[in-house]
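Let me begin by presenting the structure, written as structure tokens, before commenting on it.
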Amino acid sequence: MYTVRTIEGQLNARGVKIAIVASRFNDFVVQHLIDGAVDCLVRHGASLDDISVIRVPGAYELPLLCKKLAERAQYHGIIALGAVIRGATPHFDYVCAEASKGIAQVALQSGLPIGFGLLTTDNLEQAIERAGAHAGNKGAETAAAVLETIRVMEQL
Ligand code: INI
């Protein structure tokens, strides 16, 4: 048996300021992700006054707004939320690729925890399943991941 020093973040949202950047496209799904994220933050001690929701047209616009918000240095973390649902055109692949690459790039360049809560699904049913139905709520999961990352980074 051995003991190893482990550094890990607690899910404590007290005093944490969070920006939620969410796309309007497929709002029927995205609103449930926002609700899940806010619920998770508040249940872990965040104040509603410390949470801002910023809406953008579609998932493609998420990285730009994440970058703008990261530059303002006003938030401890950002939660990016959206839903890209595969249609009959290759647009899906371009939007998913640019949104995911862009969000990762902003997180690495800014050093700010940015959660990736973008659903990329084949159909609406799969999106609904991940927005509060039987596959959980990706908005809440992303909020928890951002909180844990903020808290683990504080300890390094
Ligand atoms: N944006 C989404 O967030 N989800 C989608 O499913 C989607 N589809 O299917 O096209 C989508 N497109 C819009 C895109 O994100 C941009 O807003 C648009 O291209 C203007 O820049």
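The values are calculated or read from the model by the stated rules, or taken from the named source; none is laboratory data. These numbers were taken from a predicted model, which means no experiment stands behind them. Please note: Cβ atoms are built from the backbone with ideal geometry, for glycine as well, and neighbour counts cover all protein chains shown.
General remarks:
- When the range 19-48 is limited to residues that are of a type in the set (S, T, N, Q) and more than 12 Å from the ligand (Cβ to nearest atom), the one that is surrounded by the most Cβ atoms within 10 Å (Cβ to Cβ) turns out to be 31.
Here is a yes/no grid of residues against (1) aromatic (Phe, Trp, Tyr); (2) modelled with pLDDT of 95 or more; (3) within 18 Å of residue 127 (Cβ to Cβ); (4) out of contact with any Phe, Trp or Tyr (no Cβ under 8 Å at 6 or more places or on another chain):
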| position | (1), (2), (3), (4) |
| --- | --- |
| 22 | no, yes, yes, yes |
| 29 | no, yes, yes, yes |
| 34 | no, yes, yes, yes |
| 44 | no, yes, no, yes |
| 66 | no, yes, no, yes |
| 69 | no, yes, no, no |
| 84 | no, yes, yes, no |
| 90 | no, no, no, yes |
| 101 | no, yes, no, yes |
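- Hits in the range 49-106 (condition: farther than 26 Å from residue 132 by Cβ and either touching an Asp or Glu at 6+ places or on another chain (Cβ under 8 Å) or away from the ligand (no atom under 12 Å from the Cβ) (or both)): 67, 68, 70, 71, 72, 73, 74, 101, 105, 106
- Exactly one residue out of 59, 70 is crowded, with 20+ Cβ neighbours inside 10 Å and farther than 16 Å from residue 113 by Cα, and it is 59.
- Of the residues in the range 119-135, not one is within 14 Å of the ligand (Cβ to nearest atom), farther than 24 Å from residue 39 by Cα and surrounded by 13 or more Cβ atoms within 10 Å (Cβ to Cβ).
- Residue check, residue 103 under 14 Å from residue 20 (Cα atoms), out of contact with any Pro (no Cβ under 6 Å at 6 or more places or on another chain) and surrounded by 22 or more Cβ atoms within 10 Å (Cβ to Cβ): no
- Residue match in the range 17-34 (condition: in contact with a Pro (Cβ under 7 Å, 6 or more places away or on another chain) and not small (Gly, Ala, Ser)): yes
- For residue 99, the conditions (1) under 25 Å from residue 152 (Cα atoms); (2) within 13 Å of the chain's Cα centre (by Cα) are fulfilled apart from (1).
- Considering the conditions (1) closer than 19 Å to residue 139 by Cα; (2) in contact (Cβ under 8 Å) with a residue 12 or more places away in the chain; (3) within 16 Å of the ligand (Cβ to nearest atom), residue 16 is excluded by exactly one of them, (3).
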